[in-house]
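This report refers to the structure that appears directly beneath it.
The values are calculated or read from the model by the stated rules, or taken from the named source; none is laboratory data. From a predicted model like this one, the values you see are computed outputs, not experimental measurements. To get the accessible areas, we keep the full protein, side chains included, count just its heavy atoms, and leave off ligands, DNA and RNA. Shrake-Rupley method; radii C 1.70, N 1.55, O 1.52, S 1.80 Å.
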Amino acid sequence: MNLLRLRMHHLIEQLADDDLQDIWNILEALHYDFYMLKAIQQVKRSQQPWDILTQEEAVRLLMFF
C-alpha cells in the first residue's frame, strides 16, 4: 500500500494546478457514483418481495409526510 501511496504522490506532483482541480472534480463525482452504487447493491441484497409497494400505496404513504 505504501508503494501505491508514493506513486500517487509522484503523479499528483507532476500535475498543473488547473489540471488538479479538474481531476478532483472528476474523482469526486466518481466517488459519489461508487457510493450510490454500493448503497443500491446493498438494498438489492436485503430487499424482499414483500417490501415492494404499489403506486397507490406509495402515494398514500407520501401524503402523510
- Message: Taking the solvent-accessible surface of protein heavy atoms with a 1.4 Å probe, what is the per residue accessible area of the chain in Å²?
- Response: 106 Å²
- Item | Carbon plus sulfur fraction of accessible area for the chain, probe 1.4 Å, in percent | 63 percent
- Considering the chain as a Gaussian network with a 10 Å cut-off on Cα pairs, which listed residue, Leu30, Leu15, Leu53, attains the greatest mean-square fluctuation? Leu53
